[in-house]
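Below is one structure; the comments refer to it alone.
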Amino acid sequence: GASFPSNPSEGDLFYRSDEHRIYYFNGSEWKPVADIPTGHVKLPEPSTSDWITPDSVEASSGHENEAISEDNTVISTTSYYYELVKTLEFTAEKVYKLVAELHSSHPAVEARMLIKLYKEGSEVWSHEEITTSTEYVEFTYYPNVEADKAELYMRTKNTGYPAYNRTFKVCREFWINAVKDEDTATSWHPEPANEPGAWLKIDTGTLQITGAIRIYFPDPSYIPESFKIEASEDGTTWETLLTGQTGSEGWNTYTFNARYIRYLRVTVENYGTANGIKIAEIDYYSRVTERVAALHGHGSGVVRFRKGHGERLSDTIRREVSETLNAFRQASIQEKFTKLEVYLLLLEKRIRMLEDLTGV
């Protein structure tokens, strides 16, 4: 935050976002620990566990879903037993939504419908509906299962009065939260898919030391020729980190100089020959703050430990922490730039100290 919290306890650590400085509360006052250089160095190469799913996402536009396969021809049956009337076959993927219409030809006669989803020959989902309406009734389901085939069966309770179907459609998911559901089979795209200047914004939940994002593009024909990556502390004032970026099918990593930011935004500059943009997943990289978040959650605040709780740290660790902090405080500006990684590792050790002291 930009101001110290009220009622601090001895041992509290606090980051002043307006000063880019870490403070320590010694029981009577806040003492500066170190200044954090921003915008000059990159974080170490991220490992798989360093990637973090954003708290929330927003987009310039988008729509809920898109048809994987559909058949809108009108068909009827006079069979007393279930008869297979429509089959949809498609490349295996998650069926998010399924729509089918049904009506009876007589208000006193039941029309029945049975829908089944299959994957590799095995049934994975089914549902039955009944109606006596003489007007089409649209039934909507959300199976949310992987499938490669859908079947529609119909029957009537009186062979003299047919049951009718019109729409039969299976849909994939395209809503915005698909980019943070940790499932590369679901994705988002704007509406239309080639919307000029389309953008996707992520919120990390709090100011964090961030050095990269990664994006999963599920379809090579929906990767723009050029897009830019921007960052913001408050969601209002934006700084351009990278321009002229593109990618390939699958995971793509985009690194930039480490800085304290909360929001990241991907904005299309030029589609080129692409049909638009589709993003299945987006994550950000922050090595240190995931440990902090585990202790006190998202948002501004302090990391607290309580004297006398948990295990006592060894004198060797205490001395190493103290010596490294002093060296960082006394270093020149240029030296601080080159020692940022050491400082980040130190913060991780400091958090482990807090875990040991609190038993958290």
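Among the GluC sites (Glu not before Pro) in the stretch 139-192, those placed in a DSSP loop whose Cβ has at most 16 other Cβ atoms within 10 Å are 182. Computed from point charges on the beta carbon alone (+1 for Lys and Arg, -1 for Asp and Glu), the dipole magnitude for the stretch 61-112 about its Cα centre is near 140 Debye. The calculated FRET efficiency for the pair residue 60 and residue 99, based on their C-beta separation and a Förster distance of 30 Å, comes to about 0.65. Exposure proxy shown here: for 24, 82, the number of other Cβ atoms within 10 Å sets the order, fewest to most, as 82, 24. Local charge for residue 232 was computed over the other residues whose Cβ lies under 14 Å away, with Lys and Arg +1 and Asp and Glu -1, and equals -1.
What order do you get for 123, 230 when you list them from fewest to most C-beta neighbours inside 10 Å?
Working: 123 12, 230 18.
In increasing order of surrounding Cβ atoms, one gets 123, 230.
Rounded to the nearest whole angstrom, the semi-axes of the ellipsoid equivalent to the stretch 65-173, taken from the Cα gyration tensor as √(5λ), stand at 25, 13, 11, largest first. Take the Cα of residue 129, step 7 Å toward its Cβ, do the same at residue 67, and the gap between the two points is 1.6 nm.
Hey, got the dipole for the stretch 14-121? About the Cα centre, +1 on K and R Cβ, -1 on D and E Cβ, debye to the nearest 20?
Dipole about the Cα centre, nearest 20: 220 debye.
Candidates 107, 87, 130 compared by Cα position along the dipole of the stretch 61-191: farthest toward the positive end lies 107, with charges placed on Cβ. The label-point distance for residue 110 and residue 226, in a model that sets each label 7 Å from Cα toward Cβ, rounds to 6.4 nm.
Under 5 Å between amide hydrogens, built in the peptide plane, is the criterion, and for residue 93 it picks out 147 among residues at least 5 positions away or on other chains. When only Cα pairs under 8 Å and 6 or more residues apart are kept, what is the percent relative contact order across the stretch 65-173? Relative contact order comes out at 48 percent.
Compared with the alpha-carbon gap, the fully stretched path from residue 251 to residue 183 is longer by 23.2 nm at 0.36 nm per residue.
Laboratory data are not the source of any read-out in this text; all were calculated from the coordinates shown. Just so we're clear, the structure is a prediction, and the values are computed from it rather than from any experiment. Note that each Cβ is placed from the backbone with ideal geometry, even for glycine, and that neighbours are counted across all protein chains shown.
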